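Structure first, commentary second.
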Amino acid sequence: MAEYVKRGHYGCLVCCSNRGDEYALGKRTIYSKIPLTVNLDSRFDLASVGKTQTAALCALLYADGKLDPDAPFTEYLKDHVLAKENCRITVRDLATHTGGFDNSKPYMVPDRKAHFAKLLAKRPVCERGKKFCYACSNFAYMGLIVERLTGLDLDSAAKKMLWGPLGMDRTTWNECTDDPNVVECPESTYQGPHRKIGEHNDICAHYAGRPMGNGANFSTGPDMLKFVTDMLERRTFAKEYYELQFGESARVEGHRRSFGWDMRGKKSTFSDWTQTGFSQRAICHTGWTGGAIAVDPENDFAGVVLGNQLTGKNATMGPRMHLLDLMRTENP
């Protein structure tokens, strides 16, 4: 951790695992005249790591018999443009990024009404099941599905269904500008208007003005450790919840994906993930702001790396995967 902060890849890092690791290092503020030190209670913008919690909420609805992952997603979003066109793209396709949508964001507009209108008007660019294409809109749709089925906004649904039962009291989908212990992200990770510490780094979440399923929630290392440790130990929810997220849901163009997570394969969205010693049963997810989480049943491991990357997603992918791998191997 010290080496990656020294090299300038991160301003700060927090690493936790079920092996007893709890480390916090670096400065959580970047531009302040009085730099503030990160600690285990510091909140990080999770960026796309939060997609795993959107998937978890869908998995809970599946376990409760309220969501069919293999039904067309338009059965739950009847106001989507594809709902009147015999859509065959399933919720599972969304969760595995194989439905045909690309990562274009025509909905990235500051007007909130137009934002959601354009989101629901987006069309796929290729046939479902033929290509792997990571697309944030897939999980934005899944977040809307959660809201439609529960009657709650995404943050409230997560508190009731997921975070509450797991005892995660430092996680929120809402912006937290009133929290004095939030980690600052560098300007280089932002697009569009300047955001204050505690506002969503993701511009789509910022423009939406409300929780979005594509991630951008805030959490701490210990809180996220509760989430991944429960995924490993399978003690809180119905078995269907865990089985859906650990089972291989798609294998396309060398990519293996479970419901909401990446798996080891010939290719990976997260590059250096394929070069680690994690098993074929392991699942992982990363985020633009610098974090990564992994669960490996074969190695009895659950780990969290959170950080505010300074040198870009690609330059910090190796370091964060290395840190996860070190925690997996250094504490057998």
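What follows is calculated from the coordinates using simple rules that are stated; it is not laboratory data. Computed from a predicted structure; not experimentally measured. Using ideal geometry, Cβ is built from the backbone for each residue, glycine included, and neighbour counts are taken over all protein chains shown.
Can you return the lysines within cross-link range of Lys130? Criterion is Cα-Cα under 20 Å, with same-chain partners fewer than 8 residues away left out.
Lys122, Lys266, Lys267
Please give the peptides 243-249, 215-221, 174-180, 320-326 ranked by average Cβ packing (other Cβ atoms within 10 Å per residue), highest first, as a rough proxy for protection.
Packing order, densest peptide first, comes out as 215-221, 320-326, 243-249, 174-180.
From the C-alpha coordinates alone, can you work out the Kirkwood hydrodynamic radius of region 1-64, in Å?
14.0 Å
Give me the distance between the Cα centres of region 139-159 and region 221-237, rounded to whole Å.
21 Å
What lysines does Lys239 reach when the alpha-carbon gap must be under 24 Å and sequence neighbours fewer than 8 apart in one chain are set aside?
Lys51, Lys66, Lys159, Lys160, Lys226
Run the simple label-point estimate for Lys118 and Ser279 please: 7 Å along Cα→C-beta, distance reported in nm.
Taking the simple label geometry, Lys118 and Ser279 are separated by 4.5 nm.
Tell me whether region 208-332 comes out rounded, prolate or oblate; compute the Cα gyration tensor, take square roots of the eigenvalues as a ≥ b ≥ c, and use a/c under 1.5 as the rounded threshold.
Judged from the Cα gyration tensor, region 208-332 comes out rounded (a/c under 1.5).
Can you list, largest first and rounded to whole Å, the semi-axes you get for region 13-117 by taking the square root of 5 times each eigenvalue of its Cα gyration tensor?
Value: 37, 21, 11 Å, ordered largest first.
Per-residue ellipticity at 222 nm for the chain, helices alone: DSSP H runs ≥ 4 residues times -39500 (n - 2.57), over residue total, nearest 500 deg cm²/dmol?
-8500 deg cm²/dmol
Please report, for the Cα atoms of region 81-172, the Rg to one decimal and the Dmax as a whole number; what are they, in angstrom?
14.8, 42
For the pair Lys33 and Arg235, what calculated FRET efficiency results from E = 1/(1 + (r/R0)^6), where r is the Cβ-Cβ distance and R0 = 51 Å, to the nearest 0.05?
0.65
Give me the one-decimal nm value for the distance between modelled label points at Ala2 and Lys160, 7 Å along each residue's Cα-to-Cβ direction.
Here the modelled spin labels are 4.8 nm apart.
I need the P(r) histogram for region 197-243: all alpha carbon pairs, bin width 5 Å from 0 out to the longest distance, whole percents.
The distribution over region 197-243 is 5, 18, 18, 15, 18, 13, 12, 2, given as percents.
Could you order the peptides 166-173, 31-38 from most to least packed, using the average number of other C-beta atoms within 10 Å per residue?
Peptide ranking by packing, descending: 166-173, 31-38.
Over the chain, what relative contact order in percent results from Cα pairs under 8 Å that are six or more residues apart?
25 percent
So what's region 227-297 giving for Cα Rg divided by 2.2 N^0.38 Å, two decimals?
1.08
On a straight-distance basis, which aspartates and glutamates could pair with Lys131 in a cross-link, Cα separation under 20 angstrom, same-chain partners fewer than 8 positions away excluded?
Excluding near neighbours in sequence, the set is Asp70, Asp93, Asp102, Glu248, Glu253, Asp262.
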